[in-house]
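Asker: Input: one structure, supplied below.
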Amino acid sequence: MLDIRRIRNNPQEIKDAMLSRSADFDITLIDKVIELDERRREILSEVEVLKNKRNTTSQEIPKLKKEGKNVEPIMEEMRVLGDKIKDFDAELTKVEEELEATILRIPNVPSKNVPKGQSDADNLEVRKWGEPTKFDFEAKAHWDIGTNLDILDFEMAGKVTGARFTFYKGLGARLERACINFMLDLHTSKHGYTEVLPPQIVNRRSMTGTGQLPKFAEDMFKLEGLEYWLIPTAEVPVTNMYRDDILDASQLPIKNTAFTACFRAEAGSAGRDTRGLIRQHQFNKVELVKFADPEKSYEELESLTNDAEMVLKTLGLPYRVVKLCTGDIGFSSAMTYDLEVWMPSYGRYVEISSCSNFEDFQARRANLKFRRGPKEKAEYLHTLNGSGVAVGRTVAAILENYQQADGSVIIPEALRPYMGGIERITK
RNA sequence: GGAGAGAUGGCUGAGUGGUCUAAGGCACUUGACUCGAAAUCAAGCGUAGGGGUAACUCUACCGUGGGUUCAAAUCCCACUCUCUCCGCCA
């Protein structure tokens, strides 16, 4: 959520920022916010005078009574005043609700350092690690490799659940688990994150806090009859851990890592990436979440991105880092780096991690503050997160990049301790 | 699922209709005392919003949402969460 005063004071700056995200952005939303804000303050100044009158008069009444005066006319006057206040308050509530609903649908302002652009074609490659894997045989896609080795079963999942779900079997399941453990161990022992295992179902306030609600309700799974949602990412529960809290500056940065399943309805992506592990309704992910001092949040974004990259480096998977342009960054983000792994079946790099600085956008929504010192005013902190990394896509990348001519797959060395020393998956 | 108890400022804890404008304590900040510290004493010390150049001032907030009343932390209704016990259960 943007600071209402920022919108009030620099409407044009905000409008330009929104248009840089999308030329189609409805900038009347900004005007609406400004109007509602003005109306709100108008009502406020009127009703507060009346409330002051009521308060002072109500305090007079017992004194006058004690003096034996007839207070009935005053009480009658107060009854009328009370009704008036009630009307104003009702109007105020209406305006405030509309203001809130509107402002919650306005995305974050991209950071100054974000390249201008309209789509992923305008993203900026910032670095590259490794070279696209070359094969001296005809390389297969991971869905074929996995099916042939009988470690992935898409049909079975289709029967049991439906499209976009997968059964992992045998060493496939073991490989997924090995990746999870490897990533968690790396981030906790080498990068200083604290492991958390959060709830995978959250309430409305949590979903609003990180920005999934109210705008993206159709992308998520909601439990029938309850105000509960399956999490689309561990970002949601982990960022909301300290909602409504005031942390001490000495605690920052807080660095948490969490493994969870993630659930996405993927509304609007029918027909895209229909095969394999790339786009599923349920997938596993190890997430990195940071709570940072605003002055250091961009340094923290760099190190968080490096932490995620270390996963791919250690697994020997070729990747590149891309800085997303204004047209491609997510709703809540001020700046995002995507990590893209080389996926032979796609013949291109595919997103495997998204590392973002949200600045104070989520902190405002979730009321997440910190205090620099005992006498200091509480300030909104900055939140960041990134995948460290998506597990299903990692498995897909391993299967494809480490496949052999005979259909077997070599296990990356770093994972072997987690695989009981197994070096290769064969038929 | 059933029964009971509870939710008040950073923490603790008093408060059952009108100086609650939320006591007291702890913690914290500043000052005094001290070479310094502890102890002691004094003052300060919540959040959000409105108005004002400012000093300041007004409004709201005692789990949440309604209601009663001239007036609600206090009375009424609903809900949420926490704790205890019972039942069921991995």
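Asker: Across segment A:374-400, what is the total count of residues that are β-branched (Val, Ile, Thr) and assigned to a strand (DSSP E or B)?
Answerer: Number of matching residues: 2.
Each row is one residue, and each column tells you yes or no for (1) crowded, with 21+ Cβ neighbours inside 10 Å; (2) away from RNA strand B (no atom under 16 Å from the Cβ); (3) not β-branched (Val, Ile, Thr).
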{"position": "A:Leu301", "(1), (2), (3)": "yes, yes, yes"}
{"position": "A:Cys325", "(1), (2), (3)": "yes, yes, yes"}
{"position": "A:Asp328", "(1), (2), (3)": "yes, yes, yes"}
{"position": "A:Val341", "(1), (2), (3)": "yes, yes, no"}
{"position": "A:Ile352", "(1), (2), (3)": "yes, yes, no"}
{"position": "A:Ala363", "(1), (2), (3)": "yes, no, yes"}
{"position": "A:Val391", "(1), (2), (3)": "yes, yes, no"}
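Asker: Regarding segment A:272-295, can at least one residue be identified that is in a helix (DSSP H, G or I) and of a type outside the set (A, V, I, L, M)?
Answerer: Narrowing segment A:272-295 to residues in a helix (DSSP H, G or I): A:294-295.
Checking the rest, the ones that are also of a type outside the set (A, V, I, L, M) come to A:294-295.
Yes: segment A:272-295 contains one or more residues that are in a helix (DSSP H, G or I) and of a type outside the set (A, V, I, L, M).
Asker: Could you grab the pairs with beta carbons closer than 6 Å, sequence gap of 6+ or different chains, first residue in segment A:373-393 and farther than 16 Å from A:Leu288 by Cβ and outside the structural domain of A:Asp245 (by the TED database), second one in a strand (DSSP E or B) and away from RNA strand B (no atom under 13 Å from the Cβ)?
Answerer: Cβ pairs passing all conditions: none.
Asker: Here is a further query. I need the full set of residues from segment A:389-421 which are among the aliphatic types (A, V, I, L, M) and within 32 Å of the chain's Cα centre (by Cα), in order please.
Answerer: A:Val389, A:Ala390, A:Val391, A:Val395, A:Ala396, A:Ala397, A:Ile398, A:Leu399, A:Ile411, A:Ala414, A:Leu415, A:Met419
Asker: Out of A:Leu29, A:Leu92, report the one residue that is hydrophobic (A, V, I, L, M, F, W, C), away from RNA strand B (no atom under 11 Å from the Cβ), assigned to a helix (DSSP H, G or I) and in contact (Cβ under 8 Å) with a residue 40 or more places away in the chain. Step through it out loud before you land on a result.
Answerer: Values: A:Leu92 fails: away from RNA strand B (no atom under 11 Å from the Cβ).
The conditions single out A:Leu29.
Asker: Looking at (1) within 16 Å of RNA strand B (Cβ to nearest atom); (2) assigned by the TED database to the domain that holds A:Gly211, which one does A:Glu125 not meet, given that it meets all the others?
Answerer: (1)
Asker: Here is a list: A:Lys285, A:Lys296, A:Lys313. Which entry is surrounded by 23 or more Cβ atoms within 10 Å (Cβ to Cβ), at negative phi, touching a strand residue (DSSP E or B) at 6+ places or on another chain (Cβ under 9 Å) and in contact (Cβ under 8 Å) with a residue 40 or more places away in the chain?
Answerer: A:Lys285
The values are calculated or read from the model by the stated rules, or taken from the named source; none is laboratory data. Here the structure is a predicted model, which is why all the values come from computation and not from measurement. Neighbour counts are summed over all protein chains in view; Cβ atoms, including those assigned to glycine, are modelled from backbone coordinates with ideal geometry.
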